[in-house]
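Presented below is the structure to which this report refers.
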Amino acid sequence: MNVRMTAVAGLGAILLAAGGALAVTIETVPVGNPGNAADTRYETPGYGDVSYTYNIGKYEVTAVQYTEFLNKVAATDTYALYNTDMWSSGYGCKIWQSGSSGSYTYGVAGDYANRPVNHVSYWDACRFANWLSNGQPTGAQGPGTTETGTYTLDGYNGDDGETIQHNANATWVVTSEDEWYKAAYYKGGSTNAGYWDYPTSSDAAPGRDMADASGNNANYDTGSGAFPIDSGKCTTVAGEFQLSDSPYGTFDQGGNVYEWNEAMIVYQDSTYASRGLRGGSFIDNNVYYLHAAYRGCYYPTLEIYGVGFRVSEVPEPASMALLALGSIGMLPRRRGLRR
């Protein structure tokens, strides 16, 4: 399994097996109309208001992109960026690990390369963002590679982390909840354009048509009919539903995998800080989880088949007064995914 091969995929760069030195390219789309109003249809003060223009990943971070990250920084996997379920789980993204600690290498099955990475924690996503911000260095997990940059982690891998938000000099970040929500649901074109209910540019519930001839389709489970929908593979290739993009041109913000966001939610009955999850996944048997009204969360150490992430590129600090940080709430009721 230590065979080197490269993929020609048009989604960014990249490496299918261990030992590569190619850079990861995150394809982004710009999200403009700064100063738009929040969507208050389902909650107040609402979500989606962003005061600056930013770039968001056009696709979820893919297995092949994450494989290159592992090959650069996880010869010794100090902070457990790799989860064996990526390979062994029937729902995994088929990244494998070879060798022994100190000389680990990583590869991914070719037919999974451009599907989203899963079995990643919120902190794994933060470390990937740090690595991007630091220029994709090769080296041990530590300051200058995975532990500093966008987020000051310094080895943190726990279920609290309330003080950890992105730093003022951040460039690549795990998408904030408002950035994620705006890219998914905002209709665009002005600062008062309004919001769609689904991230497929529609108020009608998406279908599951792999041909996607008429648009408005996503990868989720209806509880009836074929599962999974793509020849036995649970996730679909990034951008599979070519006519079902959001108004800004992102793909798979509904279905495929839930995506971590920076929102921090502390419940009154908990001493731990959950992090936000949006968008639903292939395993959900209710289209409601793709809806703008659904807001999920879970402890940041969660690593499961239905969860991945997306990144954003935010403006330099000099170009804006203040970066929007993840919301901190004291919520009286339970919502979303819970332990």
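The values are calculated or read from the model by the stated rules, or taken from the named source; none is laboratory data. Values in this document were obtained by computation on a predicted structure and should not be read as measured data. Note that each Cβ is placed from the backbone with ideal geometry, even for glycine, and that neighbours are counted across all protein chains shown.
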**Asked** Within region 150-171, is there a residue that is outside any loop (DSSP other than H, G, I, E, B) and either modelled with pLDDT of 95 or more or farther than 22 Å from C297 by Cα (or both)?
**Response** no
**Asked** Just one of K58, K94 is among the charged types (D, E, K, R) and on the phi > 0 side of the Ramachandran plot; which is it?
**Response** K94
**Fill in**
Within region 96-115, restricting to residues that are in contact with a Lys or Arg (Cβ under 8 Å, 6 or more places away or on another chain) and part of a helix (DSSP H, G or I), the one that is surrounded by the fewest Cβ atoms within 10 Å (Cβ to Cβ) is D111
**Message:** Given (1) in contact with a strand residue (DSSP E or B) (Cβ under 8 Å, 6 or more places away or on another chain); (2) modelled with pLDDT under 95, identify the lone condition not met by V174.
**Reply:** (2)
**Request:** Name every residue in region 56-66 that is of a type outside the set (G, A, S) and over 13 Å from Q136 (Cβ atoms), in order of residue number.
**Result:** I56, K58, Y59, E60, V61, T62, V64
**Request:** Take region 116-149 and flag every residue that is over 12 Å from the mean Cα position of the chain (by Cα), surrounded by 24 or more Cβ atoms within 10 Å (Cβ to Cβ) and outside any helix (DSSP H, G or I).
**Result:** T146, G149
**Matching residues in region 278-294 - criterion: being in contact with a helix residue (DSSP H, G or I) (Cβ under 9 Å, 6 or more places away or on another chain) and modelled with pLDDT of 95 or more** = R278, G279, G280, S281, A292, Y294
**Request:** Would you check which residues across region 35-58 are in a strand (DSSP E or B) and more than 10 Å from Y195 (Cβ to Cβ) and list them?
**Result:** Y54, N55, I56, G57
**Request:** For region 237-249, indicate whether the set of residues that are under 12 Å from S281 (Cβ atoms) and either touching a Phe, Trp or Tyr at 6+ places or on another chain (Cβ under 7 Å) or not aromatic (F, W, Y) (or both) is non-empty.
**Result:** no
**Message:** Going by what's in this entry, would T222 be described as outside any strand (DSSP E or B), on the phi < 0 side of the Ramachandran plot and crowded, with 19+ Cβ neighbours inside 10 Å?
**Reply:** no
**Asked** Quick one: is T235 surrounded by fewer than 24 Cβ atoms within 10 Å (Cβ to Cβ) and on the phi < 0 side of the Ramachandran plot?
**Response** no
**Message:** Checking Y267 against (1) surrounded by fewer than 17 Cβ atoms within 10 Å (Cβ to Cβ); (2) at pLDDT below 95; (3) aromatic (F, W, Y): exactly one of these is not met. Which one?
**Reply:** (1)
**Prompt:** Residue check: is P300 crowded, with 24+ Cβ neighbours inside 10 Å, touching a strand residue (DSSP E or B) at 6+ places or on another chain (Cβ under 8 Å), in contact (Cβ under 8 Å) with a residue 60 or more places away in the chain and within 20 Å of A125 (Cα to Cα)?
**Reply:** yes
